[in-house]
Amino acid sequence: MSVRNFDAMSEQAETSIRPTDPVGRVLYQIAKWLAILGGVILCAMAVLTAISVTGRSALSAPISGDFELVAIGTGLAVFAFLPWCQMVRGNVLVDFFMVKTPVRTQVFADIVGGAFYLLIATLLTWRLIFGAIDMFQYREVTMTINFPRWTTFPASVAMLGFLVIVIAYTIARSIAELRAGRYFSE
């Protein structure tokens, strides 16, 4: 397959998943940029790990607290990826069971799964807020580099809050598809 054909397929796939309504277009763009940010964070964590491992091996001098920084970065990256996965229907799909079912059944399953996911994401967001408050009040820091743990919570809460909005949007989109008999994937 040539690069040109791959690019055309990629553009066609992106066009087929891009919402056409104003709210969906805005959510799609924000989710896309968050996912890119998550990728940048993961790349930075990979570079950090490579430098630390090289330093440990060659100079007996790893980066202090590298595992703590990687854990923080990975958590942020995961929260950054979740809205994009939900927007493009890439979250929690069980193709093995659903691949042979009618599209209408698949969309109904998306609605039911989305409702559970909305409940879980809302509870996680709510509890993360209280976790952030506790971390701030108790001035909790990481063990090795004394990084204040609460500092990553506002970004995490914002990304989880955005995920809740995206899930609500995708549920509404699936309900509209079900009513209209026209489906996102067609």
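The values are calculated or read from the model by the stated rules, or taken from the named source; none is laboratory data. Note that the coordinates shown come from a computational prediction; the quantities given were computed from them, not determined experimentally. All Cβ positions, glycine included, derive from the backbone under ideal geometry; neighbour counts span all protein chains shown.
Listed here are the residues, each with its yes/no results for (1) β-branched (V, I, T); (2) crowded, with 20+ Cβ neighbours inside 10 Å; (3) farther than 22 Å from Y169 by Cβ.
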residue	(1), (2), (3)
A58	no, no, yes
I63	yes, no, yes
D66	no, no, yes
T74	yes, no, yes
G90	no, no, no
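The condition of being of a type outside the set (D, E, K, R), surrounded by 16 or more Cβ atoms within 10 Å (Cβ to Cβ) and not in a loop (DSSP other than H, G, I, E, B) holds for only one of V157, V112, that being V157. Selection over the stretch 115-140 of residues that are crowded, with 16+ Cβ neighbours inside 10 Å and either more than 30 Å from E68 (Cβ to Cβ) or under 17 Å from the mean Cα position of the chain (by Cα) (or both) gives a count of 7. Of everything listed in (1) hydrophobic (A, V, I, L, M, F, W, C); (2) buried (at least 17 other Cβ atoms within 10 Å of the Cβ); (3) modelled with pLDDT of 85 or more, the single unmet condition for V26 is (2). Considering only residues that are hydrophobic (A, V, I, L, M, F, W, C) and over 26 Å from A80 (Cα atoms), which ones fall in the stretch 158-184? Once the filter is applied, which keeps residues that are hydrophobic (A, V, I, L, M, F, W, C) and over 26 Å from A80 (Cα atoms), the stretch 158-184 yields A176, L178, A180.
Number of residues in the stretch 161-175 that are β-branched (V, I, T) and more than 15 Å from G90 (Cα to Cα) equals 3.
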